[in-house]
Amino acid sequence: DGGITQSPKYLFRKEGQNVTLSCEQNLNHDAMYWYRQDPGQGLRLIYYSQIVNDFQKGDIAEGYSVSREKKESFPLTVTSAQKNPTAFYLCASSTPRLAGGHNEQFFGPGTRLTVL
Amino acid sequence: ILNVEQSPQSLHVQEGDSTNFTCSFPSSNFYALHWYRWETAKSPEALFVMTLNGDEKKKGRISATLNTKEGYSYLYIKGSQPEDSATYLCAFLNFNKFYFGSGTKLNVKP
């Protein structure tokens, strides 16, 4: 079955530690996205990638880093520089508009990160 | 950061009621407006992708309209059912970035 997987579902880390969240898709989508959700707020864009080996900062990129070495994978690292990392993180993929798609986003199940 | 607003924040209706919610977005640099449905413990799923002013889309009992000139979209649910209970998100596409509203949480009581 085609889809997006994120692991783990729940993650606990000590303050000051870097942590990497996994996102894998087998939908053959070029574009991938990372969002963060906090209570009472909409999804906010952290980073996005339109193509392999290229990525762009979203609106809240500070304290995060990404890589896009393979089309299928877009891991997100939450660094110790992120001041308030506890949140729910969603990964998504889509066919870019410029490639003839409508950017309809397909989402993973999410990772809930708690920093103690 | 562009502002996308959804109202109401939450809605409680009885089974069989019809309901509607609003998504407001900037009227400039419009590329698309998406509606997503997010059920508890599941991933958000796309309902509609709307790109043209005046667009009307329908899927079963759910429909949506779009006014890009004034910057709003309405989502309608006719004859709500308990399985319609979910959070409904709208997302405004500006170039290659999405801006999401905070959602309308719908609870349909049997």
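The values are calculated or read from the model by the stated rules, or taken from the named source; none is laboratory data. Here the structure is a predicted model, which means the values were calculated and not measured. All Cβ positions, even for glycine, are placed from backbone atoms using ideal geometry, and neighbour counts span all protein chains on display. SASA here: full protein model, heavy atoms, side chains in, ligands and nucleic acids out. Shrake-Rupley method; radii C 1.70, N 1.55, O 1.52, S 1.80 Å.
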Select from the stretch A:95-114 the residues that are open to solvent by 10 Å² or more (accessible area, probe 1.4 Å), modelled with pLDDT of 90 or more and not in a loop (DSSP other than H, G, I, E, B) and write down the one among them that is farthest from the other protein chains (Cβ to nearest Cβ). A:THR114
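Residue-by-condition table, conditions (1) surrounded by 14 or more Cβ atoms within 10 Å (Cβ to Cβ); (2) away from every other protein chain (no Cβ under 14 Å):
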{"position": "B:HIS12", "(1), (2)": "no, yes"}
{"position": "B:GLU15", "(1), (2)": "no, yes"}
{"position": "B:ASN29", "(1), (2)": "no, no"}
{"position": "B:LYS42", "(1), (2)": "no, no"}
{"position": "B:VAL49", "(1), (2)": "yes, no"}
{"position": "B:GLU56", "(1), (2)": "no, yes"}
{"position": "B:LYS59", "(1), (2)": "no, no"}
{"position": "B:ILE77", "(1), (2)": "yes, yes"}
Mind checking which residues of the stretch A:53-68 are open to solvent by less than 50 Å² (accessible area, probe 1.4 Å) and more than 18 Å from B:HIS34 (Cβ to Cβ)? A:ILE60, A:ALA61, A:GLY63, A:TYR64, A:SER65, A:VAL66, A:SER67, A:ARG68
Test: residue in the stretch A:73-85 that is hydrophobic (A, V, I, L, M, F, W, C) and touching a residue at least 60 places away in the same chain (Cβ under 8 Å): yes
Any chance you could count how many residues in the stretch A:15-41 are among the β-branched types (Val, Ile, Thr), over 11 Å from the mean Cα position of the chain (by Cα) and exposed (fewer than 15 other Cβ atoms within 10 Å of the Cβ)? 0
For the stretch A:58-71, pairs from a residue that is of a type in the set (Gly, Ala, Ser) to a residue that is open to solvent by 50 Å² or more (accessible area, probe 1.4 Å) and part of a loop (DSSP other than H, G, I, E, B), with Cβ under 7 Å and 6 or more apart or across chains, are A:GLY63/A:ALA81; A:GLY63/A:LYS83
Given (1) within 15 Å of the chain's Cα centre (by Cα); (2) more than 11 Å from chain B (Cβ to nearest Cβ); (3) in a strand (DSSP E or B); (4) in contact (Cβ under 8 Å) with a residue 24 or more places away in the chain, A:PHE12 misses just (1)
Look at B:THR87 and say whether it is of a type in the set (Val, Ile, Thr), within 25 Å of A:ARG112 (Cα to Cα) and in a strand (DSSP E or B). yes
Unique residue being aliphatic (A, V, I, L, M), in contact with a strand residue (DSSP E or B) (Cβ under 9 Å, 6 or more places away or on another chain) and more than 20 Å from B:ASN3 (Cα to Cα) when the list is B:LEU33, B:LEU47: B:LEU47
Those residues that are within 13 Å of another protein chain (Cβ to nearest Cβ), more than 13 Å from A:GLY108 (Cβ to Cβ), among the aliphatic types (A, V, I, L, M) and in a loop (DSSP other than H, G, I, E, B), I need them from the stretch A:18-62; list them, please. A:ILE60, A:ALA61
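For the structure I just gave you, tell me whether B:THR65 is out of contact with any helix residue (DSSP H, G or I) (no Cβ under 7 Å at 6 or more places or on another chain), more than 14 Å from chain A (Cβ to nearest Cβ), open to solvent by 20 Å² or more (accessible area, probe 1.4 Å) and not in a helix (DSSP H, G or I).
Values: out of contact with any helix residue (DSSP H, G or I) (no Cβ under 7 Å at 6 or more places or on another chain): yes; more than 14 Å from chain A (Cβ to nearest Cβ): yes; open to solvent by 20 Å² or more (accessible area, probe 1.4 Å): yes; not in a helix (DSSP H, G or I): yes.
In short, yes.
Being β-branched (Val, Ile, Thr), farther than 30 Å from A:GLN25 by Cα and either at pLDDT 95 or above or more than 13 Å from the chain's Cα centre (by Cα) (or both), is that true of even one residue in the stretch B:38-57? If you could, list the steps in order and put the result at the bottom.
Our first condition is that a residue be β-branched (Val, Ile, Thr); within the stretch B:38-57, this holds for B:40, B:49, B:51.
From the residues that got through so far, the ones that are farther than 30 Å from A:GLN25 by Cα too are none.
Within the stretch B:38-57 (the criterion being β-branched (Val, Ile, Thr), farther than 30 Å from A:GLN25 by Cα and either at pLDDT 95 or above or more than 13 Å from the chain's Cα centre (by Cα) (or both)), the answer is no, since none of the residues qualifies.
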Output the residue which, of all residues in the stretch B:31-40 that are open to solvent by 30 Å² or more (accessible area, probe 1.4 Å) and not in a loop (DSSP other than H, G, I, E, B), is nearest to the other protein chains (Cβ to nearest Cβ). B:TRP38
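Which residues, counting only those in the stretch A:22-43, are of a type in the set (D, E, K, R) and at pLDDT 95 or above?
The initial filter retains those residues of the stretch A:22-43 that are of a type in the set (D, E, K, R), namely A:24, A:30, A:36, A:38.
Listed by number, the residues that qualify are A:GLU24, A:ARG36.
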